[in-house]
Each structure stands twice: as C-alpha cells, then as structure tokens.
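Encoded as structure tokens, the structure appears first; notes follow it.
What follows is calculated from the coordinates using simple rules that are stated; it is not laboratory data. Remember, predicted model here, so these are calculated numbers, not experimental data. Glycine also receives a Cβ, built like all others from the backbone with ideal geometry; neighbour counts cover every protein chain displayed.
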Amino acid sequence: MTVGEIRRVIIVGAGQAGGETAQRLRQGGFAGDITLIGEEPCAPYQRPPLSKKYLAGELSMDRLLLRPATVYAEENIAFLSPVRAVWIDRASKRVRLEGGRELPYDALVLATGARPRKLPLAGADLDGVHLFRTAADVDAVRPRFNSGARLIVVGAGYIGLEVAAVARQHGLDVTVVETAVRPLARVTSPEVAGFFLDEHTRQGVRFVLGGQPAVIKGQAHVTGVALTDGAELPADLVISGIGIAPETTLAQQCSLAVDNGIVTDKQCRTSDPYIFAIGDCARRPMSYYGDRLQRLESVHNAVEGGRIVAAAILGNDAYVEETPWFWSDQYDLKLQIAGLFQDYDHLVFRGAMKERAFAAFYYKGERLIAVDAVNRPGEFLGVKTLIQRKQTIAPADIEDMSRPMKELVAAARPL
C-alpha cells in the first residue's frame, strides 16, 4: 500500500481510538473520504469518566464528547451511527453494514474496542444486574444509585473499585466480591493493592476476597448473590466489573491474525497490509519492553494508536511512541501509573502510605520499568520520562526524600 493509493478510509468503531484517527487524518491534510462507523447513537466520547464523575452526576454527556458532534460534518467526515459493520471482504476491499449496504475502502481501521464480560451465572439477566462499559450502561444504573441501596460489585479491578468509591460517597451499602485474594491483582503489586484495600475498608466498603459467586438470586428483580461457599449477600443492585474481552469478531471472520486481540506490527498494521487495528481490540509490540506483544486498555493506547495509523496513512515519519500510562481516581486518591510492571523483581517506595502520598517504583534488575504514584504527580511524570529516555535511577537514590524528583531525573543514567 502506498500513500497515493489511499482515497477512502473507513474506521470501524467510534470510540476514542476511532475518533482520534479521523481527527488526525484531517488535521494532517488527508483530503480523501473518511467514514467513521459507530454502534452507539452518539459521537465519540471519553470512557474513563463513566465510572467516576459521570456516574457521580458531576459531568454531562456533552462534556464527555471528544469533540462537538457538528465538527464531523464540518470536516467532511461521514459519521454513520448507530450502525454495525458485519462483514469485511478483503479481496474486494469492502465493508458490509447491517442491512446490506457495502462501502469500499483503500485503508480500513478496526477500532472495535472491547465488550464487557457478562457474569456467567444464572440470574445474570435479572433486572438490577448491570454491565459497565457505555454511557447507556451508566444511565441505566444512576436512577438506582440511591443512599441506603445495597450494591454488590463483582470484580475488584479499576472499574469495580471506582464504582465502589462513588457508591460509598453517595451513601450506598457496598460489598465487593473478588475471586482473587486481593483487589487490583492483575494491575499492581500486593503492597499497593493492600493500601487500596485498607482505604476502601476505612470508607466502609466490605470485601469478600477469594469469593466465587454461584448464582444471582431474584424473580423479576435481583435480591442477592449466593456464593459457592453457601453464603448469601442481599442486594438491590449488582454491577459486574470482571473485565473486558477484545472485540475481534470482524477480524476473525475475515481471517486476520488474532491472539488475545488483533495482532499488529509497530505501525498497527494487521496481517493484511490494508487493514489496521488500534485501541482495546489490538495487540501490538511495545517498544520500551522488548517489542513484546501487549494489549493495553487505556486512553493513552487508544490515542496513540490513532496517531500511529494517521502517520502511516499520510506517509509521515513514524509516530514516536510514549511510555504507556494509566490512571484511576478513588475518593481523593489519584493513582497514576507509568510503564508496565509485569516481570518486576523488586520494589522501592518513595514517600509514606500513611500520608496517602507515595510512589512504588518497579525494577527488573537495575532497570526501572514502572511506577505507581498515589497523589505524587512528580514521580509519575519523572518515571514516564525516564522510561521513554531508556534511563534508570539507583534504588538508594529513590528512597532519599531530601532529593527532589526533578533532580533525580536530571541525574539519571542510561541503561
């Protein structure tokens, strides 16, 4: 595929990744046809606030939008919604929509995102049992988010804990059921997980760790959750936060390489050079981690994917990747994460948990690979910079609180 060949770009998926791609193409001077296809009846919007300020009623839908809906028409971007793409014909380079309409493409971008995992339990379809992925999901929950209501959150990842925090602040009675022995088991160390467990417990959240739901009870409406050990937890509301699965249906139907996501190269190209994949649905090499294939669920990954693809389609220099980053807001705690902590072999702390402002630095050998910073933005930004520069800091220097983080970054050594 050469740049001159591309006159028609179709983007399937109108989330943050798809919206970013369309915007970057137009801003970069692409004059051809851009068609953005979305299943939700609204323009691309931010998802992270859904479990935070949108759930709390502090943000309106208009403020979630990445750009005003009118901008797409103004920039001659054909925005089709709510519409579902159902088939890709790679041989003729066409996308078929539900209803039979077919659209030709020169370059196709799959930004299909992910779908929430449904509780695999009897009773999961009862009224009062909710998934948590879209604005519509939150809109369905909010009328029942009343003080005194009994809420069970199944899953203690970021979404589950963020929902629990908002619920407690609204006076709900909250129990979190998690099959692992600690919250945030997949995304952070036992020490940092323990801090958040203690904080939620202090705020009045009850935890059932190592708990396995067996059935959701109720007739027309949910009344409780029974566990495999025989315990029964009463409930007026159940929210599932057991993770998401990459939406790879279209990719599998047209025989693209799929392995826990649509597999791509560094330019986000799939096994078909005319098709790209970005965002939650894609698995690409991570430049700062030995080019290992990774699927990331983050705003950073969605935005970066759009920029990488736009650069490739426009024929620009390859986009320079950033250090992966994430965040979570719970109560008055802002957790900011830079890097990927998997495979760390030792941990160094800066600051004190008891002061509710600290940072956990993850090392693999001498290499600094990630940080979890709680109410410590300087440490987050510092490590994000160091990973990108392929530099590190000695653990003894990290622990020296007399030295500002900026000084440590300035004195860092190359790997």
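Please give every one of the lysines within straight-line cross-link reach of K217, meaning a C-alpha to C-alpha distance under 24 Å, and leave out same-chain neighbours fewer than 8 residues apart.
Candidates past the 8-residue exclusion: K118.
Given the alpha-carbon gyration tensor of the chain, what are the semi-axes of its equivalent ellipsoid in whole angstrom, ordered largest first, with each equal to the square root of 5 times an eigenvalue? Don't skip to the answer; put the middle values down first.
Values: eigenvalues 249, 189, 67 Å².
Each semi-axis is √(5λ); the values are 35, 31, 18 Å.
Residues with amide H under 5 Å of A149's amide H, sequence separation 5 or more or different chain, H placed in the peptide plane at 1.01 Å from N; which?
D173
From the backbone phi of region 395-406, what are the Karplus-calculated ³J(HN,Hα) couplings (6.51 cos²θ - 1.76 cosθ + 1.60, θ = phi - 60°) in whole Hz, Gly and Pro given as x?
Residue by residue, region 395-406 yields x, 4, 5, 4, 6, 7, 6, 6, 9, x, 4, 4 Hz.
In whole Hz, with x marking every Gly and Pro, tabulate ³J(HN,Hα) for region 206-213 from phi via Karplus 6.51 cos²θ - 1.76 cosθ + 1.60, θ = phi - 60°.
Going residue by residue, I get 9, 10, 10, 8, x, x, 10, x Hz, with x marking Gly and Pro.
Per the Kirkwood treatment, what hydrodynamic radius in Å, one decimal, follows for region 118-242 from the mean inverse distance over all distinct Cα pairs? The partial results should precede the final answer.
On the way: mean 1/r = 0.0696 Å⁻¹.
By the Kirkwood definition, the hydrodynamic radius is 14.4 Å.
Rounded to a whole number of µm²/s, how large is the Stokes-Einstein D of region 185-320 at 25 °C and 0.890 mPa s, given Rh as the Kirkwood radius over C-alpha pairs? Before the final figure, lay out each step's value.
Numbers: Rh = 18.5 Å.
Translational D for this selection: 133 µm²/s.
For each of W325, W87, count neighbouring Cβ atoms within 10 Å of the residue's Cβ, then give the residues from fewest to most.
Working: W325 22, W87 13.
Going from sparsest to densest Cβ surroundings: W87, W325.
Pop out the ³J(HN,Hα) list for region 34-45 in order, Karplus 6.51 cos²θ - 1.76 cosθ + 1.60 with θ = phi - 60°, rounded to Hz; leave Gly and Pro as x.
So the Karplus estimates, Gly and Pro as x, are 10, 10, 10, 10, x, 7, 8, x, 8, 5, x, 9 Hz.
From the convex hull of the Cα coordinates of region 264-326, what is the mean projected area in square nanometres? Don't jump to the answer; show the numbers that get you there.
Numbers: hull surface 15.6 nm².
The directionally averaged projection comes out at 3.9 nm².
Please state, as a whole number in µm²/s, the translational diffusion coefficient that the Stokes-Einstein equation yields for region 221-284 at 10 °C and 1.306 mPa s, with Rh defined as the Kirkwood radius across alpha carbon pairs. Spell out each step's value before the answer.
Working: Rh = 14.5 Å.
Value of D from the Cα-based Kirkwood radius: 110 µm²/s.
What fraction of the DSSP beta bridges in the chain is antiparallel, stated in percent and rounded to the nearest 5?
Details: 51 of 86 bridges.
So the antiparallel bridges amount to about 60 percent of the total.
Would you compute, from DSSP H runs of 4+ residues alone, the mean residue ellipticity of the chain at 222 nm, taking -39500 (n - 2.57) per run and dividing by the full residue count, rounded to the nearest 500?
On the way: 11 runs with 97 residues, N = 415.
Result for the chain, helices only: -6500 deg cm²/dmol.
Enumerate the amide H contacts of L184 below 5 Å, restricted to partners 5 or more residues apart or on another chain; note that Pro and chain-start residues carry no placed amide H.
Here the answer is A156, G157, since their amide H atoms fall under 5 Å of that of L184.
Could you pull out every one of the aspartates and glutamates with an alpha carbon less than 17 Å from that of K354, ignoring same-chain neighbours closer than 8 positions?
Counting by Cα, and skipping residues close in sequence, K354 has these aspartates and glutamates nearby: E191, D198, E199, D332, D372, E399.
Which whole-number percentage describes the relative contact order of region 306-387, with Cα contacts under 8 Å and a sequence gap of 6 or more? Before the final figure, lay out each step's value.
Values: 147 pairs, mean separation 20.6, N = 82.
Worked out over region 306-387, it gives 25 percent.
Sum up the charges of everything whose Cβ sits under 15 Å from the Cβ of H346, counting Lys and Arg as +1 and Asp and Glu as -1, but leave H346 out.
-4
How high is the relative contact order of the chain, in percent, with contacts defined as C-alpha pairs under 8 Å that are six or more residues apart? Walk me through the numbers on the way to the answer.
Values: 906 pairs, mean separation 57.0, N = 415.
14 percent.
Once the mean 1/r over all distinct Cα pairs of region 332-414 is inverted, what Kirkwood radius in angstroms do you read off?
It is 12.4 Å.
Once amide H atoms are placed 1.01 Å from N in the peptide plane, what residues at a sequence separation of 5 or more from V225, or on another chain, have their amide H within under 5 Å of its amide H?
It is K217, L233, A235, by chain and number.
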